[in-house]
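The next block holds one structure in the form of structure tokens; read it before the comments.
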Amino acid sequence: METDNTNTIEMTTTIKDFLIGCPNFSIDESLINVILVKMGISADTDVAAMDEKQRDLCEAKLYETIAKTTPSRRGSTSDTDNGWSHSDGGHTFTSEDRRNYLALANEIYAKYDMPLVGKKVYRIHSLGVKPCNYSINGTPLPIIDR
């Protein structure tokens, strides 16, 4: 009688674990939970069972949320006493980091022809001031010659 001694271990990665590993720093799990709830996806969903678009859009939403909500300094402690100072840990999130995370999100959104996120620029061009010849009720105003 022949027995098969090979042990196969199936590793499944949940979408929550996948999203936790995307950024290059640690993030709060509650942030991931909020994103998944808003997208209507269970945190225990296997990444392999998801289609690529759904997985990519979760990742893009994570990058967008990180760029919009991460404080500039977090997790740092500092002590000072009579000229002695000590600072420990922490992470500084610069405006360049924000632009990079928004660029990552926009790259994914562009792949699926979705609206891009980030800084919107509104330009206002003045065309001068037009004189008012009539009052609110429509009667002509007197013309004052200077």
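The values are calculated or read from the model by the stated rules, or taken from the named source; none is laboratory data. Keep in mind that this is a model prediction, so the values were computed, not measured. Using ideal geometry, Cβ is built from the backbone for each residue, glycine included, and neighbour counts are taken over all protein chains shown. Only protein heavy atoms, including side chains, enter the accessible area calculation; ligands, DNA and RNA are left aside. Shrake-Rupley method; radii C 1.70, N 1.55, O 1.52, S 1.80 Å.
Inspect all residues belonging to the range 70-92 and state whether any of them is at pLDDT 80 or above and open to solvent by 100 Å² or more (accessible area, probe 1.4 Å). The answer is no; no qualifying residue exists. Taking the stated definitions as given, is Arg98 open to solvent by less than 80 Å² (accessible area, probe 1.4 Å), at pLDDT 85 or above and basic (Lys, Arg)? Answer is yes for this residue. Selection over the range 14-58 of residues that are modelled with pLDDT under 85 and either farther than 16 Å from Thr70 by Cα or touching a strand residue (DSSP E or B) at 6+ places or on another chain (Cβ under 7 Å) (or both) gives a count of 1. If the condition is being closer than 9 Å to Thr14 by Cα, of a type in the set (A, V, I, L, M, F, W, C) and open to solvent by 80 Å² or more (accessible area, probe 1.4 Å), then the range 27-52 contributes only Ala48. State which residue pairs qualify: first residue in contact (Cβ under 8 Å) with a residue 24 or more places away in the chain and in a loop (DSSP other than H, G, I, E, B) and inside the range 37-48, second residue of a type in the set (S, T, N, Q) and surrounded by 11 or more Cβ atoms within 10 Å (Cβ to Cβ) in any location, beta carbons under 6 Å apart, and separation of 6 or more residues or different chains. Cβ pairs passing all conditions: Asp44/Thr14. Within the range 115-146, the set of residues being among the hydrophobic types (A, V, I, L, M, F, W, C) and either surrounded by 10 or more Cβ atoms within 10 Å (Cβ to Cβ) or modelled with pLDDT of 85 or more (or both) comprises Leu116, Val117, Ile136, Leu141.
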